[in-house]
Amino acid sequence: MQPLWELVVANPIAAAVLALVGLALLFGALLGFAAERFRVEGDPIVEQIDALLPQTQCGQCGHPGCRPYAESIAAGEAINKCPPGGQATINALAALLDLPAPELDDEHGEASEVKKVAYIREDECIGCTKCIQACPVDAILGSAKMMHTVIAAECTGCDLCVEPCPVDCIDMLPVETGIQGWQWQLPPRPGLIASDRQPHSGAAA
Amino acid sequence: MRKVWQTPGGIHPAENKLQSVQQPIQPLPLPPRLWVALNQHAGAVAKPLVAVGERVLKGQMIARPQPDSGTALHAPSSGTVVAIGPHPIAHPSGLPADCIEIVCDGLEQWIDRDRHPDYRSLPRSELLVMISERGVAGLGGAGFPTAIKLASDRPIELLLINATECEPYITADDSLLRERAEQMLVGIDIASYLLGDPAERVIGIEDNKPEAIAALRTAIAARSDKAAAIELAIFPTKYPSGGEKQLIQIVTGRELPSGALPAELGIVCQNVGTLYALKRAIVDGEPLISRITTVTGKACLRNGNYETLIGTPVSALLGHNQLQPQRLARLIMGGPMMGVALPSSELPTVKTSNCFIAADASEVAPEQPAQPCIRCGLCAEACPASLLPQQLYWHAQSQQHEKLEAHNLFDCIECGACSYVCPSNIPLVQYFRAGKGEIRQQRAEKAKSDFARERFEFRQQRLEQQERDKQAKREARKLAAEQAKAAQAQGDNGAAEDNSAAALIAAAQARAAARMASPQQQRDKLTRAITSSRARLQAAEDKLTQAQHDGADHSQLQALQAAQAAAAQKLQLAEQKLAELAATDSASSSDASAAPELDAASRAIAKARDSAAAREAMSPSEKMASDLAALDKRLAKLQEKLELCEDSEQRQLLESSAAKLQAKRDALHTSSQGDQHGI
Ligand code: SF4
Ligand code: SF4
Ligand code: SF4
Ligand code: SF4
């Protein structure tokens, strides 16, 4: 004890090294404890990514649903494979993950402007239940040898039920946006200086 | 007069109100056709109750609202329904919406009007249903169903009547008050009754309507019922003091918190036009089929207020006002600040159509190109909601929705004051409307995608559960098959035979022991029964002698005698049974000594032992021969089955097993041959 104390007093370098080593041990222990104590179950980033995906569950991204795609984005897959989400989803994902926002990869399909909903021509339906098995969100109602129908409010427009239908009685119809769905559009942007060429606007303030 | 408070912001645009109040309210000639839009305002669409070709009477209900939203619709005049389908309506989108088209017959034939001048004797709930069924909706703003507003379940302290009409040009409420103030007061009383007679009833009105104020004063003074006092709150003219929040602040000095409803402060606001419609609906039994509409603007030779049937084409209104089409620069529905430009005049009016302005070129500023924001801050000064329009504009332009919400975009009342003052001519309100629309749409999409995720996850879970169940079943079946196989293997195995024989013997012995135990038990039971019956018999006899000795009455004696007889009989029965048991016991024990293993199990054991011994005694070739015979037998049976079988799948199975058996048999046969040769 005595020699160590004298060494410290006599040798400021040793004192500094000792102090730093002591601090390092203390904070290391603290961090180690915190890592154990406040461990997060699951992968929160997957939840956040999944919340941004459109939940159409169409599989166009090459994964069986949006969540699996969220998981593989978290594992490093490209973020531009979801056509239903389009550029808006890519931008949101890029902002979340702090990545540059690429264009949509059209290998996986094209983003469509209009929302669609499945419609079963009911008098042609033979009640084979094949579409029910294909629907990822249980939006089809029916049973064997009975007429089937789509619950329009629950259909995500994923297109998966069209292919399995043996009599081709399912159509994808554009969702009607009547007066209820109408909304104001942004007016054209003013230019930076007044003499900029303006696109003619019919809108009024 | 009541004290009033100041509100922030506000502007003073040119009023332009005088031209339309020169004449009293006039009726309009009946148009030949009427189009009643099924959605009169934001919210659910009403369901038609009439069919094409049906004749309807004036005031007949022709469409019913969805439960808890919207109001009923009524035929504005008698006539025939000729179409129910899309027709352009007065809406900023210019999109068509479903309308009921009625060709008027000109007879103006009313339904039976159900009048209730004694409304205070009706229960509130009944009155509310009546209001909803008679189509009364807010005529001042968005057409919110009045019955829902008046059905507030919170205690209300203030009924605030909005007579502000702060927007330039519009005089519909002004002229209504000038001419029909007493009727409007009746409407106040009905609303007051429905709200449980709040402590205060205040009419808020701007000081630019002296005639209306005078008419209100006279009407209030002439009221017979002085108990429910009605106050006037008169305040300086400023746009927009007619907004619900602004009016509440002017009259009470309290600010409505962001996102709160007036009812949370104990206040209900009603427009004067709505209260007048309420009186007509309840006291006169006339559903809401018409309203007062201002038609004005310099492109019309006449300006004025008209009693307009709902569904009247705008062109009919303008035609009556001698519109000069060549002078028309823009047709505006609503006021110049908050109204919208209409693409054509072939559109029907709705319940909320309070004003049409046929403006000429001098009235609408020529469209100026928007210039960049210079951050002058005028818009923030003008904003009655104390927002920062220049900031909102910035975020709306770059579609940063979180920032818009953080800057309280949803507190914007879309009054247009900011656009009015902006020196750069930026159409600020349009940005805010668009921003609100986008946020609403995003919220709806988010809700939908969350719902889809939930359903998807639920389905996933269900499929997994099914798979797990299937797997479990498969495993159970496999296990059972393995056990069966193992058992069979034991049976086939000669070495295991001793084991199984020993097990069989043990089981048989256990069974025999169980049977042996039961006669012993029986005997014990019977002995116990005999002793107890003996005791009972003794007691009964004692009692009987005692009773005879005491000289008990006849019936008592009889009962005792019967009891004694029963006890004796029981004893006899038990003794008899015991004797029987003893006889059989001695017989079986003598049998057992003669042939110890006579029961079925023992016989089976003996047989198995015999056969095993016989097999042991057989030479290998004999063994093989017997095996061969057994296989032949099985093969024959299988063949028989195969012939009977019809199901192709089963047949295949049978065939394959037959082939296997055949192979086995052949192998055995050749080896036995070889053995024979070898011997
Ligand atoms: S493409 Fe998009 S919507 Fe379709 S499953 Fe993949 S992530 Fe979901
Ligand atoms: S109904 Fe068809 S299109 Fe709609 S979600 Fe189901 S599978 Fe997809
Ligand atoms: S439109 Fe909105 S932001 Fe502009 S002044 Fe009115 S309340 Fe304020
Ligand atoms: S009034 Fe117009 S120019 Fe001035 S700060 Fe507001 S938006 Fe910018």
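List, by residue number, every residue in the range B:51-95 with a reduction of 30 Å² or greater in accessible area between the chain on its own and the complete protein assembly, 1.4 Å probe.
Buried-area filter returns B:His91, B:Pro92, B:Ser93, B:Leu95.
Starting from the Kirkwood Rh over alpha-carbon pairs, what translational D in µm² s⁻¹ does the range B:18-333 have by Stokes-Einstein at 20 °C and 1.002 mPa s? Present the calculation step by step, with values, prior to reporting the outcome.
Numbers: Rh = 20.3 Å.
Estimated diffusion coefficient is 105 µm²/s.
Among A:Leu97, B:Pro117, B:Ala97, which residue has its Cα positioned farthest towards the positive end of the charge dipole of the protein assembly as shown, with +1 placed on the Cβ of Lys and Arg, -1 on the Cβ of Asp and Glu, and the dipole taken about the Cα centre?
Going by the charge dipole, the pick is B:Pro117.
Do you know which residues of the range B:365-382 lose at least 50 square angstrom of accessible area in the protein assembly compared with their chain on its own, with a 1.4 angstrom probe?
B:Glu367, B:Pro372
Can you pull the one-decimal nm distance between simple spin-label points at A:Leu23 and A:Gln133, each 7 Å off the Cα toward Cβ?
Inter-label distance under the simple model: 6.8 nm.
Hey, can you grab everything whose amide H is under 5 Å from the amide H of B:Leu323? Only 5+ residues off in sequence or another chain; H modelled, so Pro and N-termini drop out.
B:Leu301
In debye, nearest 20: dipole of chain A around its Cα centre with unit charges on the Cβ of K, R (+) and D, E (-)?
Details: 11 positive and 26 negative charges, 107 e Å.
About 520 debye.
For chain A, which whole percent of the accessible surface, found with a 1.4 angstrom probe, sits on carbon and sulfur atoms? Write out the running numbers ahead of the final one.
Numbers: 7950 of 13120 Å².
Carbon and sulfur: 61 percent of the exposed surface of chain A.
In whole angstrom, note down how far apart the Cα centers of the range B:157-186 and the range A:3-69 are.
67 Å
Please list, by residue number, everything in the range B:197-236 whose backbone N is under 16 Å from a paramagnetic label point 7 Å out along Cα→Cβ of B:Met1.
B:203-218, B:231-236
At A:Ile126 and B:Cys376, where each label point lies 7 Å from the Cα along Cα→Cβ, what is the point-to-point distance in nanometres?
Inter-label distance under the simple model: 7.3 nm.
What residues of the range B:383-406 lose no less than 30 Å² of accessible area with every protein chain in place versus their chain by itself (probe 1.4 Å, heavy atoms only)?
At a threshold of 30 Å² (probe 1.4 Å), the residues of the range B:383-406 that become less exposed are B:Gln397.
With a 1.4 Å probe and every protein chain left in place, work out the accessible area per residue of the range B:356-457 in Å², rounded to a whole number.
On the way: 4730 Å² over 102 residues.
About 46 Å² of surface per residue is accessible.
Can you pull a Stokes-Einstein diffusion coefficient for chain A at 10 °C (1.306 mPa s), Rh from Kirkwood over Cα pairs, as a whole number of µm²/s? Show your work: numbers first, answer last.
Details: Rh = 22.8 Å.
Roughly 70 µm²/s, to the nearest whole number.
What does the accessible area of B:Asp197 come to, in Å² to the nearest 10, when a probe of 1.4 Å is used?
Taking all protein chains as shown, B:Asp197 has close to 70 Å².
Quote the charge dipole size of the protein assembly as shown about the Cα centre in Debye, to the nearest 20; the model charges only the Cβ of Lys and Arg (+1) and of Asp and Glu (-1). Numbers along the way, then the final one.
On the way: 86 positive and 106 negative charges, 274 e Å.
In debye, rounded to 20, the protein assembly as shown gives about 1320.
Tell me the total accessible area that A and B bury against each other, 1.4 angstrom probe, in square angstrom rounded to 100.
Working: alone 14890 and 37270 Å², together 48700 Å².
Using a 1.4 Å probe on protein heavy atoms, the buried area is about 3500 Å².
If we sort A:100-112, B:386-398 on the protection proxy, mean other Cβ atoms within 10 Å, highest first, what's the order? Walk me through the numbers before you get to the answer.
Details: A:100-112: 12.8, B:386-398: 19.6.
Sorting A:100-112, B:386-398 by mean packing, highest first, produces B:386-398, A:100-112.
Can you find, among B:Ile84, A:Val175, B:Thr545, the residue farthest towards the positive end of the dipole of the protein assembly as shown? Put +1 on the C-beta of Lys and Arg, -1 on that of Asp and Glu.
B:Thr545
When each pair of different Cα atoms in the range A:1-60 is counted once in the 1/r mean, what is the Kirkwood radius in angstroms, to one decimal?
Numbers: mean 1/r = 0.0616 Å⁻¹.
Result for the range A:1-60 stands at 16.2 Å.
Straight distance only, please: which lysines reach the Cα of B:Lys525 with their own Cα at less than 24 Å, same-chain residues fewer than 8 apart left out?
Answer for B:Lys525, where 24 Å is the Cα cut-off: B:Lys570, B:Lys577, listed by chain and number.
Can you compute the FRET efficiency between A:Thr177 and B:Glu655 using 1/(1 + (r/R0)^6), with r the Cβ-Cβ distance and R0 = 51 Å? Round to the nearest 0.05. Working shown, then result.
Numbers: r = 64 Å, r/R0 = 1.25.
In this case the efficiency is close to 0.20.
Counting partner chain Cβ atoms within 10 Å of every residue's Cβ in B:451-464, what's the average?
Working: counts 5, 12, 11, 2, 9, 12, 5, 2, 6, 5, 0, 1, 1, 0.
Taking the mean over all residues of the peptide, I get 5.
On average, how much accessible surface per residue is there in the range B:241-342, in Å², for a 1.4 Å probe, leaving out ligands, DNA and RNA?
On the way: 3020 Å² over 102 residues.
Here the per-residue accessible area is 30 Å².
Within the range B:563-580, which residues have the backbone N less than 14 Å from the label spot 7 Å out from B:Gln548 along Cα→beta-carbon, could you tell me?
B:564-565
Express in nm, to one decimal, how much length is gained between B:Glu402 and B:Asp112 on full extension, taking 0.36 nm for each residue of separation and deducting their alpha carbon distance.
Details: separation 290, 0.36 × 290 = 104.40 nm, distance 5.48 nm.
This chain segment gains 98.9 nm when fully extended.
Give me the tail of P(r) for the range A:116-178 as a percent: Cα-Cα pairs with distance above 19 Å.
Values: 358 of 1953 pairs.
Considering the range A:116-178, 18 percent of its Cα-Cα pairs are separated by more than 19 Å.
Partner chain Cβ atoms within 10 Å, averaged over the residues of B:424-437 - can you pull that number for me? It would help to have the intermediate numbers written out before the result.
On the way: counts 2, 2, 3, 8, 2, 3, 7, 3, 1, 5, 5, 3, 2, 6.
The mean count of partner-chain Cβ atoms within 10 Å per residue comes to 4.
For a quick check of your reading of the filter: which trypsin sites (Lys or Arg not before Pro) in the range B:362-453 sit in a DSSP loop and have no more than 12 other Cβ atoms within 10 Å?
Details: sites: B:Arg375, B:Lys403, B:Arg433, B:Lys436, B:Arg440, B:Arg443, B:Lys446, B:Lys448, B:Arg453; in loops: B:Arg375.
Those that pass, being in a loop and sparsely packed, are B:Arg375.
Mind checking which of B:Ile220, B:Gln246, B:His401 is farthest towards the positive end of the protein assembly as shown's charge dipole, using Cβ charges of +1 (Lys, Arg) and -1 (Asp, Glu) about the Cα centre?
Most positive-ward Cα: B:Ile220.
Probe of 1.4 angstrom, ligands and nucleic acids ignored: what's the accessible area per residue over the range A:45-108, in square angstrom? Please list the in-between numbers first.
Numbers: 2880 Å² over 64 residues.
Here the residues of the range A:45-108 average 45 Å² of exposed surface.
Within the range B:18-333, how many lysine pairs that are 8 or more places apart, or on different chains, have C-alpha atoms less than 20 Å apart?
Working: B:Lys47/B:Lys58; B:Lys58/B:Lys279; B:Lys149/B:Lys245; B:Lys149/B:Lys279; B:Lys209/B:Lys238; B:Lys226/B:Lys279.
Step by step, the pairs that qualify in the range B:18-333 add up to 6.
Give the percent of DSSP beta bridges with both residues in the protein assembly as shown that are antiparallel, rounded to the nearest 5. Before the final figure, lay out each step's value.
Working: 43 of 64 bridges.
The antiparallel fraction comes to roughly 65 percent.
Given Cβ point charges of +1 (Lys, Arg) and -1 (Asp, Glu) and nothing else, what value in debye, to the nearest 20, does the dipole of the range B:18-333 about its Cα centre take? Don't jump to the answer; show the numbers that get you there.
On the way: 29 positive and 33 negative charges, 119 e Å.
That gives the range B:18-333 a dipole magnitude of about 580 debye.
Kindly provide the pair-distance distribution of the protein assembly as shown built from C-alpha pairs, with 20 Å bins from 0 and whole-percent values in order of increasing distance.
10, 26, 21, 13, 15, 13, 2, 0
If contacts are Cα pairs under 8 angstrom and at least 6 residues apart, what is the relative contact order of chain A in percent?
Numbers: 236 pairs, mean separation 28.5, N = 205.
Over chain A, the number comes to 14 percent.
With Kirkwood's inverse mean 1/r over C-alpha pairs for Rh, give me the Rg to Rh ratio of the range B:1-136, two decimals please. Let's see the in-between values first.
Values: Rg = 19.4 Å, Rh = 18.1 Å.
Dividing the radius of gyration by the Kirkwood radius yields 1.07.
For B:Gln26, list long-range residues whose amide hydrogen, built 1.01 Å from N in the peptide plane, is under 5 Å from its own amide hydrogen.
Amide H neighbours of B:Gln26, under 5 Å, 5+ apart: B:Asn305, B:Tyr306, B:Glu307.
How would you order B:229-242, B:525-538, B:263-276 from highest to lowest mean count of nearby Cβ atoms within 10 Å? Walk me through the intermediate numbers first.
On the way: B:229-242: 19.5, B:525-538: 15.3, B:263-276: 22.6.
My ranking of the peptides, most packed first, is B:263-276, B:229-242, B:525-538.
Run the numbers for B:Arg64 and B:Glu211: contour at 0.36 nm per residue of separation, minus the present Cα-Cα distance, in nm. Each step should come with its number before you reach the end.
Details: separation 147, 0.36 × 147 = 52.92 nm, distance 3.89 nm.
49.0 nm is the gain from fully extending B:Arg64 to B:Glu211.
If I take every Cα pair under 8 Å that is 6 or more residues apart in the range B:190-331, average their sequence separation and divide by the length, what percent do I get for the relative contact order?
So the answer I get is 15 percent.
Taking 20 °C and 1.002 mPa s as the conditions, I'd like the Stokes-Einstein D for the range B:68-189 in µm²/s, using the Kirkwood hydrodynamic radius from alpha carbon pairs.
Working: Rh = 17.7 Å.
Once the numbers are plugged in, D ends up at 121 µm²/s.
Percent relative contact order of the range B:18-333, based on C-alpha pairs within less than 8 angstrom and at least six residues apart?
In percent, rounded to a whole number, it is 23.
The values are calculated or read from the model by the stated rules, or taken from the named source; none is laboratory data. All values reported here derive from a predicted model rather than from experimental measurement. Methodologically, a virtual Cβ is constructed for each residue, glycine included, from the backbone with ideal geometry; neighbour enumeration extends over all protein chains shown. Heads up: the accessible areas ignore ligands, DNA and RNA and are worked out on the full protein's heavy atoms, side chains in. Shrake-Rupley method; radii C 1.70, N 1.55, O 1.52, S 1.80 Å.
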